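In what follows, a single structure is set out as structure tokens and then discussed.
Every read-out reported here was derived from the displayed coordinates using simple, explicitly stated rules and does not represent laboratory data. Since this is a predicted model, take the numbers as computed values, not measurements. Cβ placement follows ideal geometry from the backbone for every residue including glycine, while neighbour counts extend to all protein chains displayed.
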Amino acid sequence: MKIDIDQEQQVYRKNKSLLLCLHIDAWLLFGILLLLAASLAIVYSASGGDQAVMNRQAIRIGFALVLMVIFAQIPPHIIYIFTPWLFLMGILMLIGVLLFGEVGKGAQRWLNLGPIRFQPSELMKLALPITVAWLFAHSKFPPSLRRLLLGAFVIMITAGLIVVQPDLGTSLLIAMSGLFVLFFAGLPWKVIIASISATVLSAPVAWHFMHAYQKQRVMTFINPESDPLGSGYHIIQSKIAIGSGGIDGKGLLGSTQAHLDFLPESTTDFIFSVLAEEFGLIGVVILLFMYLLVIARGLYIASQAQDNFTRLIAASFMMTLFVYIFVNISMVSGLLPVVGLPLPLMSYGGSSLVSLMISFGILMSIHTHKKLLTD
Amino acid sequence: MSEHLEFNSDSENFAQKKQFQFRLFFAFGFVVLLFLFLIGRMLQLQWLEYDRYKGLADGNRISVEVLPPTRGKIYDRNHILLADNQPVYTLHLIREKMKNIDSTLQATQKILTNISAERLHNFFAKFKKGNRSRTYTLPFSLTEEQAAKFAVINHKHPGVTVDARLKRTYPHGAAAVHALGYVGRINAKELAKLNEKLYRGTDIMGKLGIEKYYESLLHGSPGLQQIETNARGRVIRKLETLPATTGQDIHLSIDIELQKYAESLMGKLRGSIVAIDPTNGEILAFVSMPTFDPNLFVDGIDQKSYDILRNDPNRPMFNRAIKGQYPPGSTIKPFVALGAIEQGFISPYKKISDPGYLEYKGHRYRDWKRKGHGIVDMNTAIVESCDTYFYKLSLDMGIDEIHDTMAPFGFGKASNIDIYGERIGILPSQAWKMAKKGKPWYRGETIISSIGQGYNLATPIQLARATAILANRGKIIVPHLYRNPKEQTFEQVEIKKIANWEKVIKSMQNVMHSKKGTARRYATNLPFKMAGKTGTAQVYSLNAGDYDAETIREKLRDHSLFVGFAPVNNPKIAIAVIAENAGSGSKIAAPIAVKLVSRYLESQLNNLKD
């Protein structure tokens, strides 16, 4: 097949509707907007009716939506070209954090770039899966051992640089996003099963290397009552909030647990508990359904993608989103230890929302920048 | 375009795509399964165990309250209290429980007559927009009387409670404020850097001076208390308690009586006095004039008072003792002389003739005495503060040699005093000028550097420290305000011949006690021997022509300086005095120093008698 370079615009599908002109995927946008609207309401309630908090969140949401639209305009092959530089920049910034990082609450995670304070690990949430997908863009299925080892190496370097910050939680989640790419690229089942069993067996070794506060989190997770004045208190209070919501909840602004200050971080990490308390089981099921809608649409985009690079990115982004949701909800309902992780699209806060919305922008770009050739 | 073509699906294997899609289905199944698992967990918590959690939530009146620590007190060296914690009253407000916010505002306005209506309005305006269920604290304190008045009408204002807390107070007011510093409300920027756990329940922290430097010692750590409340939030009983750890008390090396005396000696002058115990580096008096009242800052200073302080042309908030960089003038002559004779540039007995100026490359460098000092040796040069002697000497030594001889005394580097914000002054050298100005050094600049003018700048703490090191015969001390009984180790300035040091010190003694000494008038009746050196630093260089202090605007008048120590053979106090724009060193700074040193040595003597 020959392509005339002068007629580049014809390579892409002729756009019809406004949304398509803007490279926006309607289904994805619908799910995201519903979740963000719910987020505004819950943040307002969790902050005890604080107007200023809600305004700030609305501004952040607007900003993140603009970023999503901007990233949706960038065709995937442009991202492909810049991937190695993106990764290099991310790695340099992570090293920069270790050398000149600002210490916030005991860990160096912030890089001060003049007026902006920046968390390079946030960039890596996007850059790592893209980089690993870049490595497998031309690979066969299943890929060669050499490529797999290279991918594993890239993941380990990145995760290693974040672990020493020290930020074990983020490091594990970022590594996970890279591992998802390996999985979709065709990591053999034998290897998957073997490494899962190895991880389980090596847990006691990991325990040995953990920081005291991390050990304490695990200990209070296993037995919350052991530290009723400290972190165990949070899990107990969170479970009370969720459980007391019942089937239909206490209604918006009805959360006594959050308003009487029993719940910690009620607008960020524990926002799910507020939602569960105020909207009950029904609210929780609707929330999970909306999440499922977004994830399903994302996975569908992955299945329709035209090349390895984009489909690996799309699939990995969606699975990572799922892991964040699952870990956060499990954490606040006492199924996993408290690791300080926001609930995607719901929690109050800027930086995680921004990287998430950029990933949605990339997803939309993948779906809307298709080439006519394959139609 | 070639990039696209490479991963074009044309080249793709159909089986490969199928395998990928199988994995996608597998992943989606996994997601659905785990979401169902989460819903299962929710069913368990919200349906099966609902009654239990409902009961717990209703009865959930067990909460954890933070017990903020009591801040450590600060005492002077004689155990006189400098920073105390006094109980004061304040109001806590919870919007959710309040009926009529405006009536509460009016009521507080009536009682708090000392607070401007505007500030109260500002607080309430912010409060109305804040978190409905959070407790807000009125940022002003109530006197006992005001608290009692409010308690009487409290029943009309639900959601408002009168609370007693401890407030930092500085009983000596403005005295020693530049050493003590003050505490103030923690702002958002500071909050981000603090250890949240340690500062729960605390809204103040050290902002300046000792209060800031020793924040970690003074603060302590909070305790926790489990309390049971009734449905309306009133405390029924206290369960477990983990008491707070009180902050550590600190003793300063400052003698507050001496400090106040020193401040009174300065009167309305701007400037600084630093007095150090040369045996261990303890700072006895730390004066920067004018001063201000730290009590203003504790509850947050109001804009008007702050503007007055900020816009005061005398800059009361400027810590001159560590931040004021002054040309040291003739006070550096003993250090230059010592370096010259130690390094063998000149013999202390060598006599030169002084016509009242030095001519170098067609320019006349004038002595302060127009007629000149006649025939001078090193002793006379220090005693009468002969400039020409040092002009000539400096041309032999060169600027780098002068730099090297003064650097061990701490000029041009931080004294490492235990307060933040110290400036390091300037001790010029060829390398310094090249690095800072990008220009080579001119020998003419060496000439004016030798009498502490030109680029030379030093802070009062540096001058006091250098004098203490000279008094110590080279034992290097680090000036400090926190009186820590810990054993210190001292470094030593290299001594080639101790006789040279004694020679210079003897000359400084002659400044005070000989017939021609520049400060002879004030030391005639002293019961001890004192060594000193006066200095008069030009604020800007005057061209040839007579100096008339009256006609020059006050701000451009000379700084008056003095450094000294006593007793000469067993130094107990080293001192530096700088009075800005006060004129000659012998007239203003020297008598202040002599009075302060006598007062201190007398009190030491009395202590021995007791």
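Summary of values
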{"item": "Neighbourhood charge, 15 Å Cβ-Cβ cut-off, centred on residue A:329 and excluding it, Lys, Arg +1 and Asp, Glu -1", "result": "-1"}
{"item": "nm² value of the averaged projected area, convex hull over the Cα atoms of chain A", "result": "20.7 nm²"}
{"item": "Stokes-Einstein D in µm²/s, Kirkwood radius over Cα pairs - the range B:317-431 at 20 °C with 1.002 mPa s viscosity", "result": "138 µm²/s"}
{"item": "For peptides B:563-576, B:38-51, B:489-502, sequence by mean Cβ density within 10 Å, most packed first", "result": "B:563-576, B:38-51, B:489-502"}
{"item": "Quotient of C-alpha Rg and 2.2 N^0.38 Å, computed over the range B:395-482", "result": "1.14"}
{"item": "Over chain A: helical MRE at 222 nm, DSSP H runs n ≥ 4 each giving -39500 (n - 2.57), nearest 500", "result": "-23000 deg cm²/dmol"}
{"item": "Nitroxide proxy distance, nm - points 7 Å out along Cα→Cβ at residue B:103 and residue B:370", "result": "8.4 nm"}
{"item": "Alpha-carbon Rg/Rh ratio, for chain B, with Rh computed the Kirkwood way", "result": "1.17"}
{"item": "Taking all pairs of distinct alpha-carbon atoms in the protein assembly as shown, Kirkwood radius in angstrom", "result": "34.0 Å"}
{"item": "Of every Cα-Cα pair in the range A:302-375, the percent that sits beyond 14 Å", "result": "66 percent"}
{"item": "Three principal axis lengths of the range A:19-65 [C-alpha, angstrom, descending]", "result": "40, 17, 9"}
{"item": "Pairwise centroid distance, computed over Cα atoms, of the range A:284-309 with the range B:557-587, Å", "result": "80 Å"}
{"item": "Kirkwood estimate for the range B:286-326, i.e. one over the average of 1/r between Cα atoms, Å", "result": "11.1 Å"}
{"item": "Computed E for residue B:128/residue A:289 - FRET, C-beta separation, R0 35 angstrom, nearest 0.05", "result": "0.40"}
{"item": "Order by protection proxy (mean Cβ within 10 Å, highest first), peptides A:196-206, B:528-538, B:416-426", "result": "B:528-538, B:416-426, A:196-206"}
{"item": "Percent of beta bridges antiparallel (DSSP, chain B, rounded to nearest 5)", "result": "95 percent"}
{"item": "Cα gyration tensor category, rounded, prolate or oblate, for the range B:180-333 with a/c compared to 1.5", "result": "prolate"}
{"item": "The range A:48-77 versus the range B:263-310: alpha-carbon centroid distance in Å", "result": "50 Å"}
{"item": "Rounded Å value of the spacing that divides the Cα centres of the range B:368-441 and the range A:325-348", "result": "65 Å"}
{"item": "Label-point gap, in nm, between residue B:430 and residue A:98 - each point 7 angstrom along Cα→Cβ", "result": "4.3 nm"}
{"item": "Shape of the range B:147-228, Cα gyration tensor, a/c cut at 1.5", "result": "oblate"}
{"item": "4 °C / 1.567 mPa s Stokes-Einstein diffusion coefficient of the range B:64-170, Kirkwood radius on C-alpha pairs, µm²/s", "result": "85 µm²/s"}
{"item": "Estimated FRET transfer efficiency when R0 is 25 angstrom, pair residue B:317-residue B:483 (beta carbons, to 0.05)", "result": "0.45"}
{"item": "Approximate spin-label separation residue B:25-residue B:39, in nm, with each point projected 7 Å along Cα-to-Cβ", "result": "2.2 nm"}
{"item": "Gaussian network model of chain A, Cα within-10 Å springs - most flexible of A:80, A:300, A:213", "result": "A:213"}
